[in-house]
1. Look at VAL215 and say whether it is surrounded by 22 or more Cβ atoms within 10 Å (Cβ to Cβ), more than 18 Å from the chain's Cα centre (by Cα) and in the same structural domain as LEU167 (by TED's automatic domain parsing).
2. Would you be able to tell me the number of residues in the stretch 38-54 that are crowded, with 16+ Cβ neighbours inside 10 Å and in contact with a helix residue (DSSP H, G or I) (Cβ under 7 Å, 6 or more places away or on another chain)?
3. Name every residue in the stretch 117-130 that is part of a loop (DSSP other than H, G, I, E, B), over 12 Å from MET96 (Cβ atoms) and not hydrophobic (A, V, I, L, M, F, W, C), in order of residue number.
4. So, THR239, is that one assigned by TED's automatic domain parsing to the domain that holds GLU308, farther than 17 Å from ARG293 by Cα and of a type in the set (Val, Ile, Thr) or not?
5. Looking at ASP27, is it within 19 Å of MET148 (Cβ to Cβ) and either in contact (Cβ under 8 Å) with a residue 60 or more places away in the chain or among the polar types (S, T, N, Q) (or both)?
6. Among the residues in the stretch 46-55, are any part of a loop (DSSP other than H, G, I, E, B) and among the basic types (Lys, Arg)?
7. Are any of the residues in the stretch 189-198 under 19 Å from the mean Cα position of the chain (by Cα), within 29 Å of GLU277 (Cβ to Cβ) and not β-branched (Val, Ile, Thr)?
8. Would you say ASP133 is without any contact (Cβ under 8 Å) to a residue 24 or more places away in the chain and either under 28 Å from ALA25 (Cβ atoms) or not in a helix (DSSP H, G or I) (or both)?
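The values are calculated or read from the model by the stated rules, or taken from the named source; none is laboratory data. Remember, predicted model here, so these are calculated numbers, not experimental data. Note: ideal-geometry Cβ built from the backbone for every residue, glycine included; neighbour counts use all protein chains shown.
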Amino acid sequence: MIRLGTTADLAAASGVYRRASLSNAGDRDNILAHQEYLILGPEGLAEGRTYVAEQDGTLAGFATWAEAAGTLGTTGIMELEDLFVDPDYMRRGIAMALVDRIAEVLRARGAERLEVTANPHAMGFYRAAGFTDCGVVETVLRAQAPRMVLAIGGVRIRGSRLLLRALRPDEIEEEWQAMVASDPMAIAELPQEAAFKARLARSGRLNDGWLDLAVDLDGTSIGRIQTFVPRDRPLPRGTFEIGIGLHAEARGQGHGREALVLLTDWLFEHAAAEVVEAPTDPANTAMRTVFLRAGWQPAGSVTDYDREWIMYRITRPEWAGRLR
């Protein structure tokens, strides 16, 4: 369970802080030489900026956010000040859950970026959580410590393996090249390049029926999923159409189904969807199988872009029944 911490958690959080800080052999001697670094201040708990994770009644980890130095919150940049998990509870998804909660809280406050000075030993975790490198800084413990940033100003949907998130600027060209090289069976027509890239630059936000998200596996985009509005076929209120494309090396591993279910759930839960549907080429057996395994049903055919497409669909009652 993740909850907002209070000053009553200080003793337990201090124990986690000390044990976690000393658990990394590469840092232990340096930290022990500076005992003052093992004292956790109460400010985050007292000011409502610290969230704690509990398991079986035990405080297993905590995370604290702060306004980035010099910004006064005006630029939407926040700092992940602390992230510690007790060694006895590591590798159970607690750190990821804490990052997700902090990102959710800050997103609601209008923040756009969450930055962190990362422990070099934890960079693999931060990349899996969606952070990217953005420089280095000098700290009291290291001559060079990596700075990393997480874009939080948009839709983020996390599953068991995947994260659906806004595309990063350096991924937009890759997605354009993937679109150019797409199997004609999978896309209706090649969009205009400038408009396509401009749309992806706005990814992560639902706007007039359009939402583009990267499909992220362990910090790397393996494709894209979107909602879209057909050019000549207006959609009824509450209806969303989905398109998905995975890179060739990511196919056949269940990622398409997981991404489809994640976005479908989000649309019903957060976007007032009544119907979620998707067209696919009649010959696209793999995609048709994904729809069926996700609980969707065939719903006739449509003609778009002078081609016939098989429509698959799931309604709100069908989706609610699948959750029971």
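1. Answer is no for this residue.
2. Count: 6.
3. Result: ASN119, single match.
4. Spelling it out, THR239 is indeed assigned by TED's automatic domain parsing to the domain that holds GLU308, farther than 17 Å from ARG293 by Cα and of a type in the set (Val, Ile, Thr).
5. Against the criterion (within 19 Å of MET148 (Cβ to Cβ) and either in contact (Cβ under 8 Å) with a residue 60 or more places away in the chain or among the polar types (S, T, N, Q) (or both)), ASP27 qualifies.
6. Yes, the stretch 46-55 contains at least one residue that is part of a loop (DSSP other than H, G, I, E, B) and among the basic types (Lys, Arg).
7. No.
8. So ASP133 fits the description; yes.
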